[in-house]
Amino acid sequence: MTVLPPRTKLVRTKPLRTKPLRTKATATALAALLALAGAAGCSSKASNGKDEGKGDAQGVKTGVGVSDKTINLAALTDMSGVYATLGKSVTQAQQLYVKQTNEAGGICGRQLKLTVRDHGYEPQKAVSAYTELEPKVLGYAQFIGSPFVAAIKKRNEDSKALIVPQAWSAALLGSEYIRVIGSTYDIETINAIDFLMKEKGVKKGDKIGHVYFEGDYGENALEGSRHMAKESGLEIVEQKIKPTDSDMSAQVAALKQAKVKAIVLSAGPAQAASLVGVAAASGLKVPIIGNNSAFAPQLLGTQAGPALEKMYFVASPSLPIGDDADGPSKLAADYAKAYPKDALDNGVVAGWTAASTFGEALKAACKNKDLTREGVAAALRTMSAYDSGFGVQNYSEPAAPSSLESVILQPDKSAKGGSKAIRGAESSDAAQSFKSD
């Protein structure tokens, strides 16, 4: 377990007011998904926001997804695609939250029910799963995939179902019904490069490589690196890839030829293993840092494991599952007891924080006697300093990330969960002053 030094104590910062990401590249990448979402909306039996608002015996208004005995939630996950490892951990952590909450009496006199759908990180399946469950559930405690969430964003404004996604794109900001937990990819990338400059020797005039997925996730992270390049006098060498690309040999060759001093990775775990492994083997031994979804501890058991421990770092919106703070310690013990055959990773943290945030909003809505979709979203906006045990979040401003801070992790095979925090929750000056175009 890692004890963070005093200087890394988590400090609250003012929420950033920023506009949703609206880049040409993002719009192009989402065009097909938006068309699909629109077509699905025309043919579905979605509620279109018609939350009936009927009162129960205690005077609590209810609507879509809520009965006298049950609160129905959904999880749209990836258990068979590029983020299969993450999706499994996120989902099991949320099922654990539901189980523990129900055993303690539920919320507002009702039991929680979580319906899970695996979209395999395929756009058609993701939108179809949303369409299927939208008329039946109060909201979504999980939705993996920034492009998929962005594709149904406009439609969800009509249905008013609260979504707490496992996606961190700035394009998702601005909605009362889609609430990202933690810093968005652009802010996270700014903090990551700040770490490279302060602690890994990157300086003004240096070149930094940025390997990123095409589409919403990668484009948003790239906006952060471009901002830091402008602010700090760096040069970004861009390498765009597809989620289906798994061999990073060509990208490493290009970055080596460009003589980069560090690399940022905005992709998945498979790309991280290839990038770091190939870079080490080719002699490009520079620090590489990934966004929060670009690592899984299972990678440490591959041939790339030793290089990952030496060269790789991860920017995270929260403390890791192996930290010795009260929140991670309790969750790690509870999860290990519930799923003794499964490894701990930070997907457990992502799932738990989303489910507990949704649950806290439900409790607040119950006190307000309004368990409609609008009532739950309104209750979430009153949570200006909520801490599930992994860092304080401010949900009062839909146009801003709930936090501007990032924790820097380092892969470590000996650490619980496969990583340790080497820099605690910090927000760089550049992150605090950044405003999306």
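The values are calculated or read from the model by the stated rules, or taken from the named source; none is laboratory data. Bear in mind the structure is a predicted one, so any value in this text is a computation, not a measurement. All Cβ positions, glycine included, derive from the backbone under ideal geometry; neighbour counts span all protein chains shown.
Of all residue pairs spaced 6 or more apart or on separate chains, those with beta-carbon atoms under 6 Å, a first member in region 381-397 that is among the aliphatic types (A, V, I, L, M) and a second member that is at pLDDT below 95 are 385/392; 392/12. Looking only at residues of region 365-378 that are small (Gly, Ala, Ser) and over 16 Å from residue 59 (Cβ atoms), we find that the one that is surrounded by the fewest Cβ atoms within 10 Å (Cβ to Cβ) is 378. Inside region 266-315, residues that are more than 24 Å from residue 194 (Cα to Cα), touching a Leu at 6+ places or on another chain (Cβ under 7 Å) and of a type outside the set (Gly, Ala, Ser) make up a count of 2.
Do you know which of the residues in region 239-280 that are polar (S, T, N, Q) and either under 17 Å from residue 189 (Cβ atoms) or within 27 Å of the chain's Cα centre (by Cα) (or both) is surrounded by the most Cβ atoms within 10 Å (Cβ to Cβ)? Top of the filtered list is 266.
The single condition among (1) in contact (Cβ under 8 Å) with a residue 60 or more places away in the chain; (2) assigned by TED's automatic domain parsing to the domain that holds residue 267 that residue 206 does not satisfy is (1).
When region 158-174 is examined, which residues are found to be in a helix (DSSP H, G or I) and in contact with a strand residue (DSSP E or B) (Cβ under 9 Å, 6 or more places away or on another chain)? Answer for region 158-174, where residues must be in a helix (DSSP H, G or I) and in contact with a strand residue (DSSP E or B) (Cβ under 9 Å, 6 or more places away or on another chain): just 172. Within region 115-141, restricting attention to residues that are in contact with a helix residue (DSSP H, G or I) (Cβ under 6 Å, 6 or more places away or on another chain) and touching a residue at least 60 places away in the same chain (Cβ under 8 Å), the residue that is farthest from residue 156 (Cα to Cα) is 123. When residue 389 is tested against the conditions (1) modelled with pLDDT of 95 or more; (2) outside any helix (DSSP H, G or I), the lone failure is (1). Among the residues of region 42-61, is there at least one that is assigned to a helix (DSSP H, G or I), over 22 Å from residue 141 (Cβ atoms) and either more than 23 Å from the chain's Cα centre (by Cα) or at pLDDT 55 or above (or both)? Yes, region 42-61 contains a residue that is assigned to a helix (DSSP H, G or I), over 22 Å from residue 141 (Cβ atoms) and either more than 23 Å from the chain's Cα centre (by Cα) or at pLDDT 55 or above (or both).
Put simply, of 236, 321 the only residue that is surrounded by 23 or more Cβ atoms within 10 Å (Cβ to Cβ) and aliphatic (A, V, I, L, M) is 321. Scanning region 130-151 for residues that are more than 16 Å from the chain's Cα centre (by Cα) and closer than 21 Å to residue 378 by Cβ returns 134, 137, 138, 139. Of all the listed residues (260, 276, 252, 264), the sole one being assigned by TED's automatic domain parsing to the domain that holds residue 197 and in contact with a His (Cβ under 6 Å, 6 or more places away or on another chain) is 264.
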